[in-house]
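See below for the structure under consideration.
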Protein chains: 2
Amino acid sequence: MNTVETLRVSRYTNDSREEIEVSLIKEVPLTIFLNGKEVVTLLCLGDQMKELAVGFLASEGFIERSSDIKTIRVDEEKVTAEVETISENPLVSGLFEKRTITSGCGKGSTFYNVMDAFKCRKVESKIKVTPAYLLGLMKNLHELSGLYRETHGAHNVALADLNGIIIFREDIGRHNAVDKIHGHAMLNGIDLSGKILITTGRVSSEILIKTGKMGVPVILSRSVPTALAVSIAEEVGITIAGFARGGSISIYSHGERVGD
Amino acid sequence: MNTVETLRVSRYTNDSREEIEVSLIKEVPLTIFLNGKEVVTLLCLGDQMKELAVGFLASEGFIERSSDIKTIRVDEEKVTAEVETISENPLVSGLFEKRTITSGCGKGSTFYNVMDAFKCRKVESKIKVTPAYLLGLMKNLHELSGLYRETHGAHNVALADLNGIIIFREDIGRHNAVDKIHGHAMLNGIDLSGKILITTGRVSSEILIKTGKMGVPVILSRSVPTALAVSIAEEVGITIAGFARGGSISIYSHGERVGD
């Protein structure tokens, strides 16, 4: 599916006006079904819909491993992804209930509910990185971001290890881009422990919880975390390296993994 | 409620490391109740919660005008907003159903469902602005953004007329900031027709639909719209002026309202 559309716009600069062609991101509504039941509609870029559906379902707790999945059918025309699992997860009906009281913008009604949803699984990893290595990864992320350079409307997310970037994904939503990485890793049996998640977007509590559910010990961002994200990161053992720009980088939590 | 927290972080630049204090945005989970029923939990900045609750409920179709509201109680400690209406809107139970299949990231499963949700109410306005005036408003928005300058983690949204900015709001989410403006206008009887909505964030279909539900004819963004947002804007009569930076501005839809 083509993810970009061209449009003729009027561009004004000082007193002059010109008609130019620009590329815009398409934004399509992907509806995800699990065992025949509609779960959610995500507004997304329209590529890698299989990965996005699996990553979203994993991140929300509907599936736990790739062997839970029986079939995945993506219909590009209807823009739907239908996932069937081997057996019904007894937790799933509770999760369907839960969605009625949350939104893509929030999970749970207190910090402790957030922690509860996350099941407090501690991320353990002895990975150690230098600030210079992290800054290099951020530079590599920007070099890969063709769609951002073309449209100025995409977020970039990548997964890296100590030898550089392994997977790169883009989307209009930073949550979707992380879910695509999660889905890709699950479908391809990529071990996420000891990896680094890199994002152009801010590190909110939701992004941090997604990182924790993936079991990734380090999140690197061009932008800043919220105070809530830092609290949860301290609790669950995730290193937040952020505000990576202009040759500097700040470490907000679990600094023991960063040093020269 | 204090919206910022200070944190000691390690900042690395080249080979040097320093311990500095930074300000982080807090991010609190506000749970909104309507007539005793839990509707949603929004992760937000934690200020102007009354406005945010009313704006969210209005934007989602739960309330239509301020006279629908009997009481609003905000509990800053529990971080809840309880809204009671004069009478139960017969549409509301349908909306509760609807939330089970959408997320903060999406509404409806196709473009036409989006249009349907929006009820296709056309935004009519004879407002006419110059590109220079719009660029001036964007500059004013940046001048007002103290929290962004302090934390680098907030989106700014403002409402303006032909005499400049009337209301300015910030939040960690661009959706929340727009809802605060909507709520403020509704609670204070501010007529939104003929106004300009200004945002630092991208114009996705959701932001465009919020703008349409407010009846605001012009949206001005520092960033770009998606192709879907432009299609809906053409349909419902909204002018999108975007990519306002470096002394230039592009008009993506309904250009008849912009000229010298």
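As an exercise: evaluate A:GLU64 against (1) more than 10 Å from chain B (Cβ to nearest Cβ); (2) of a type outside the set (Lys, Arg); (3) in contact with a strand residue (DSSP E or B) (Cβ under 8 Å, 6 or more places away or on another chain); (4) not in a strand (DSSP E or B) and give the number of the one condition it does not meet.
Condition not satisfied by A:GLU64: (3).
What do you reckon, is B:GLU60 at pLDDT 90 or above and either farther than 25 Å from A:HIS254 by Cα or surrounded by 22 or more Cβ atoms within 10 Å (Cβ to Cβ) (or both)?
No: the conditions fail for B:GLU60.
Taking the condition over 23 Å from B:PRO225 (Cα atoms) and in contact (Cβ under 8 Å) with a residue 12 or more places away in the chain, does A:GLY153 pass? Write out each step before concluding.
Values: over 23 Å from B:PRO225 (Cα atoms): no; in contact (Cβ under 8 Å) with a residue 12 or more places away in the chain: yes.
So A:GLY153 does not fit the description; no.
Return the pairs, sorted by first residue and then second, in which the second residue is polar (S, T, N, Q) and not in a strand (DSSP E or B), the first residue lies in the range A:22-33 and is more than 7 Å from chain B (Cβ to nearest Cβ), the beta carbons are less than 7 Å apart, and the residues are 6+ apart or on different chains.
These pairs meet every condition: A:SER23/A:THR151.
Suppose we keep only residues that are touching a residue at least 40 places away in the same chain (Cβ under 8 Å) and charged (D, E, K, R) within the range B:42-60. Which one would you say is farthest from the other protein chains (Cβ to nearest Cβ)?
Ranking the candidates gives B:LYS50 first.
Quick check on the range B:34-41. Is at least one of its residues more than 7 Å from chain A (Cβ to nearest Cβ), modelled with pLDDT of 90 or more and within 25 Å of B:MET214 (Cβ to Cβ)? Steps first, answer last, please.
If we filter the range B:34-41 for residues that are more than 7 Å from chain A (Cβ to nearest Cβ), which is where we start, we get B:34-37, B:39.
Those left that are additionally modelled with pLDDT of 90 or more: B:34-36.
Next, from what is left, pick out any that are within 25 Å of B:MET214 (Cβ to Cβ): B:34-35.
Scanning the range B:34-41 turns up at least one residue that is more than 7 Å from chain A (Cβ to nearest Cβ), modelled with pLDDT of 90 or more and within 25 Å of B:MET214 (Cβ to Cβ).
Here are A:ALA244, A:ALA229: which of them is within 21 Å of B:TYR12 (Cβ to Cβ) and within 16 Å of the chain's Cα centre (by Cα)?
Working: A:ALA244 fails: within 16 Å of the chain's Cα centre (by Cα).
Every option except A:ALA229 fails the conditions.
Check whether at least one residue in the range B:79-92 is within 11 Å of chain A (Cβ to nearest Cβ) and at pLDDT 85 or above, and report yes or no.
Kept after step one, since they are within 11 Å of chain A (Cβ to nearest Cβ), are these residues of the range B:79-92: B:79-80.
From what's left, at pLDDT 85 or above: B:79-80.
Yes, that holds for at least one residue.
Every residue in the range A:37-61 that is of a type in the set (Val, Ile, Thr) and either more than 16 Å from A:ILE181 (Cα to Cα) or assigned to a loop (DSSP other than H, G, I, E, B) (or both), please. Lay out the reasoning, then the answer.
Here is the first cut: in the range A:37-61, the ones of a type in the set (Val, Ile, Thr) are A:39-41, A:54.
If the condition is that a residue be of a type in the set (Val, Ile, Thr) and either more than 16 Å from A:ILE181 (Cα to Cα) or assigned to a loop (DSSP other than H, G, I, E, B) (or both), then A:VAL39, A:VAL40, A:THR41 are the ones that fit.
So, of the residues in the range B:1-17 that are more than 7 Å from chain A (Cβ to nearest Cβ) and surrounded by 11 or more Cβ atoms within 10 Å (Cβ to Cβ), which turns out to be modelled with the highest pLDDT?
Looking at residues that are more than 7 Å from chain A (Cβ to nearest Cβ) and surrounded by 11 or more Cβ atoms within 10 Å (Cβ to Cβ), I get B:ARG17.
The values are calculated or read from the model by the stated rules, or taken from the named source; none is laboratory data. None of the values given here were measured: they were computed from a predicted structure. Neighbour counts are summed over all protein chains in view; Cβ atoms, including those assigned to glycine, are modelled from backbone coordinates with ideal geometry.
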